[in-house]
1. Tell me, Kirkwood radius of region 138-212 from alpha-carbon pair distances, in Å?
2. Calculate, for K167 and W245, the FRET efficiency according to 1/(1 + (r/R0)^6) with r their C-beta to C-beta distance and R0 25 Å; round to the nearest 0.05.
3. Using only Cα atoms, what is the ratio of the radius of gyration of region 127-275 to 2.2 N^0.38 Å?
4. Quick check on region 1-158: what are the equivalent-ellipsoid semi-axes from the Cα gyration tensor, as sqrt(5λ), descending, whole Å?
5. Using a cut-off of 15 Å between beta-carbons, work out the net charge of the residues near G170 (Lys and Arg +1, Asp and Glu -1, G170 not included).
6. I need the semi-axes of the equivalent ellipsoid of the chain: take the C-alpha gyration tensor, multiply each eigenvalue by 5, square-root it, list largest first in whole angstrom.
7. What nm value, rounded to one decimal, do you get for the distance between R137 and L70 when each label is placed 7 Å out toward the C-beta?
8. Just the Kirkwood number for region 89-204, please: inverse of mean 1/r across all distinct Cα pairs, in Å, one decimal.
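The values are calculated or read from the model by the stated rules, or taken from the named source; none is laboratory data. Computed from a predicted model, the values in this text were never measured in an experiment. Don't worry about glycine lacking a Cβ; one is built from the backbone with ideal geometry, like all the others, and counts go over all protein chains shown. What goes into the accessible areas is simple: the full protein's heavy atoms, side chains included, and nothing from ligands, DNA or RNA. Shrake-Rupley method; radii C 1.70, N 1.55, O 1.52, S 1.80 Å.
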Amino acid sequence: MMNYRQLTVFNYKITYYAMRVFGLYWLFRQYLDYRRISRWPKEIYEPFLSVQKLVFPEYPGPFLYGALLLVCASLLIITWFRQSVLLNFCIFLLIAVINFPISLNFSIGHNNHLVIMGYFMAIFLLPGKMTKEQDYRWVQYFYLGILATYSLAGLSKFLGIAKNVVKHTGRMTWLDPGAAKINTLDNYWMADVRVPEWMIHLYDHEHAWVVITVGAIVVQASSFLGAFSRRYLTLVMVFLYIFHWYTDFFILADFRDAKNFVLISLFPYHVFYPWIAKLKVMSLKDAVVR
């Protein structure tokens, strides 16, 4: 059995390679989104950040964007076999640039920030260099960087509730019955999509939704603690996956890539260690027999 430090390092070593596979999937997703957005009139392209205006003053053409995708994909494959801080930095930089025309084009989307943060936090984490138990602290920083984004969002919700309650603003907060229902209705209305009847009836249990919502905010705000506890990290991983599924389906917030990234970056791969160890022993015995 591995202790906490050992399994933390073990989990990241697998996460490193899982991120390379996920990265190729993510690039393909960006290519599909790029093709979809490319059909829109060029006049509506509006860079969101100053650096984006510098890099892409106009919506990029297919050859330029395709070249960026191919270079990034090549680096992901190369770093599977050759671990390098410099190449990791280039991957992070390319992923951030590739994201510009997709998620920061007139505020089309907002889910790739987690992916970018994950590759940023992993720049210096090379599995081949992680040979000591003390290296688990670097993995904790990796988890902390990812989870801090959720904790800050949860804390901001609590501050918003406190502000409205203390100042008696009269605005609806997550403590009000019906807040979750109205949030869904508002998002479906903005998207000009009809809300399914079964979903409306599901929100009839208003007080239960208050408890569910407040509980979710508590877990969201405290998710950073998962960086220091494997059990809580697994709980947070399950919660965030369900949370993203809910926001995607009930609020029409597209967090598809974030949901998948949470799963591959926080997954407790150590549960497979007994089988991996058994396979190693069997392979060694087979080598001795031969």
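1. Roughly 14.7 Å, rounded to one decimal.
2. Efficiency for this residue pair is about 0.15.
3. Normalised Rg, Cα atoms only: 1.24.
4. Values for region 1-158, descending: 32, 19, 12 Å.
5. +2
6. Semi-axes, largest first: 36, 28, 17 Å.
7. 4.5 nm
8. After inverting the pairwise mean of 1/r, the radius is 18.2 Å.
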